[in-house]
Amino acid sequence: MKTLIIEDEKAALRNLKSVMQEVDTDFEIVGEVDSIFDGVEWFRTHPMPELVFMDIHLADGSAFDICAQVDITCPIIFTTAYDEYALKAFKVNSVAYLLKPISRTDLQEAMHKLELLGGQPKVAKQPDLSEILRSLKKEESYKTHFLVPVKGDKFLPVSVDSIQYFYISNGLVKAVDGDGKEFVFSQSLDELAELLNPHDFFRANRQFIVSRKAVSDISLWFNGRLAINLKVPVPEKIIISKAKASELKDWF
């Protein structure tokens, strides 16, 4: 399989090539590039390969810059230092990615995914790459930290992972972490809902946005409604309307 590798870390390149040899000796590496500029130039001067391994973050920018300038029609397996949490949408869209350091099992599973797209990798049906890139770009844009003002003259970095829920209290938007500590936010709940990964946070109602990992259980409520019970104390019952109950179930 004619394969192009786009990777700017020498150690990562050695690791990938070594694992490729372990998994399948049919890989034929037709090019190795380490920058956006060289990647674009390679595609413009060479026939389309059958597979591309592409590091998402290169020294001179994002690999998406290559995709924006070149119509890549072959399958792409992205390699990244990001964790699985940040690339959930990418997996759902059935395009493989490999988390560094790459293991033999990782690559085997990636190649199996390509086969499932339509037979052997060389003749596999191509996914909608543009839609996948849009999904991944949006995934990368979700907030992982907020700078929250404290004591009037300081800002405190707060990890999104630590937040159990957001809620409105007396006109103020607050977040509560696992220790029960509260932080006041300048954004509205509507704005926060756009900044948070919907895989991990659910807009329960007008007053609450809850974290998936904070949910203890869900109770049946009156008139077809549901109540979300959290692992941490909340100032009031979190009620899900009948109209939104199915959305909550789908979220899980």
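The values are calculated or read from the model by the stated rules, or taken from the named source; none is laboratory data. Please read these numbers as outputs of a predicted model, since none were measured by experiment. Protein only, heavy atoms only, side chains kept; ligands, DNA and RNA dropped before computing areas. Shrake-Rupley method; radii C 1.70, N 1.55, O 1.52, S 1.80 Å.
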If you look for lysine pairs in segment 153-252 that are eight or more places apart or on different chains, how many of them have Cα atoms under 21 Å apart?
14
On the full set of protein chains, 1.4 Å probe, figure out the accessible area of residue 141 and give it in Å² to the nearest 10.
70
Provide Rg over Rh for segment 158-252; use the alpha carbon set for both Rg and the Kirkwood Rh (inverse mean inverse pair distance).
0.93
Give the distance, in whole Å, between the Cα centre of segment 172-218 and the Cα centre of segment 141-168.
11
